[in-house]
1. For V125, which of the numbered conditions (1) surrounded by fewer than 21 Cβ atoms within 10 Å (Cβ to Cβ); (2) closer than 16 Å to P233 by Cα; (3) of a type in the set (V, I, T) fails to hold?
2. State all residues of region 204-243 that are part of a helix (DSSP H, G or I) and more than 25 Å from G115 (Cβ to Cβ); if no residue qualifies, say none.
3. Would you pick out the residues in region 139-155 that are among the hydrophobic types (A, V, I, L, M, F, W, C) and either buried (at least 24 other Cβ atoms within 10 Å of the Cβ) or modelled with pLDDT under 90 (or both)?
4. Scan region 53-61 and give yes if some residue there is within 23 Å of the chain's Cα centre (by Cα), surrounded by 16 or more Cβ atoms within 10 Å (Cβ to Cβ) and more than 19 Å from P173 (Cβ to Cβ), otherwise no.
5. Would you be able to tell me the number of residues in region 20-33 that are assigned to a helix (DSSP H, G or I) and closer than 14 Å to L163 by Cβ?
6. Got a number for residues in region 179-216 being under 26 Å from I72 (Cα atoms) and touching a residue at least 60 places away in the same chain (Cβ under 8 Å)?
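The values are calculated or read from the model by the stated rules, or taken from the named source; none is laboratory data. Source: prediction; values computed, not measured. With ideal geometry, Cβ positions are generated from the backbone for all residues, glycine too; neighbour counts draw on all protein chains shown.
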Amino acid sequence: MIGLGTLGNIALILIGSTIGMIIKGGLKQRFQETIMSGLGLAVMFIGISGALEGLLIISDGKIVSRNIMLMIVSLAIGGFIGEAINIEARLDRIGEWLKKKLKINKEKDECFVEGFVNSSLLFCVGAMALIGSLRDGLSADSSMLLAKGVIDGVTAIFFASTLGIGVFFSVIPVGIYQGIITLAARYVEPLLNERLIGNLSFVGSILIFAIGINMIFGKKIKTGNLLPAILVPIAYEIIMNLY
């Protein structure tokens with residue numbers, strides 16, 4: 001059944017978040033801070049490894065760089081569009097709106113918005129979310145999204161144990177994002193090839209690295225405002241096909 005992968009992914013995030021919230025009550029602040037730093041490092045290295053796959057190749061026994069201009073143009077154009085729309089602020093406002101509707105006061109969960117935004121970005125940005133949703137939409141193959149769901153669920157345990165219930169509500173943007181890609185898969189199928197998927201993956205991995213930086217050092221990079229960078233490789237592929 002088409003869409004089963006996203007539903008399973010959402011269910012696993014909810015389970016992980018619930019376990020994390022139970023754990024949170026018994027963790028002292030110093031444990032939460034250390035766990036968050038460790039997670040930040042893990043996210044950074046996940047991003048680095050994915051980015052290097054798209055930026056470096058071995059040719060004649062030498063490491064050769066590639067896609068440097070695509071990376072620069074993607075981040076520059078994506079940042080310009082994202083800043084114009086101010087995606088980061090909109091995500092923050094959604095988080096604040098949810099917090100208000102749920103009547104969560106600052107003392108009860110002061111990291112609600114941070115947990116909602118960081119986990120939403122992390123669960124949405126990445127190769128598995130994109131490729132898994134495309135597979136689900138094209139052939140009803142939910143295996144990759146379910147595998148992603150297991151990873152997200154485990155991550156959600158630790159995120160929720162440090163950042164609280166905001167992680168629980170990250171399933172809303174995850175469902176919307178993956179659902180749209182799944183439904184649109186058949187329309188973008190003519191563009192899909194190994195080069196495009198690779199380019200989308202490495203640009204997404206750079207954004208994952210940025211999320212890791214923010215987890216460790218605070219909000220230094222407006223990762224949400226860089227999200228449109230993922231669309232630039234699609235435009236690049238369309239131009240390449242025309243010529």
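1. (1)
2. Of everything in region 204-243, those that are part of a helix (DSSP H, G or I) and more than 25 Å from G115 (Cβ to Cβ) turn out to be L231, V232, P233, I234, A235, Y236, E237, I238, I239, M240, N241, L242.
3. A140, L145
4. Within region 53-61, one or more residues are within 23 Å of the chain's Cα centre (by Cα), surrounded by 16 or more Cβ atoms within 10 Å (Cβ to Cβ) and more than 19 Å from P173 (Cβ to Cβ).
5. The total comes to 8.
6. Number satisfying all stated conditions: 20.
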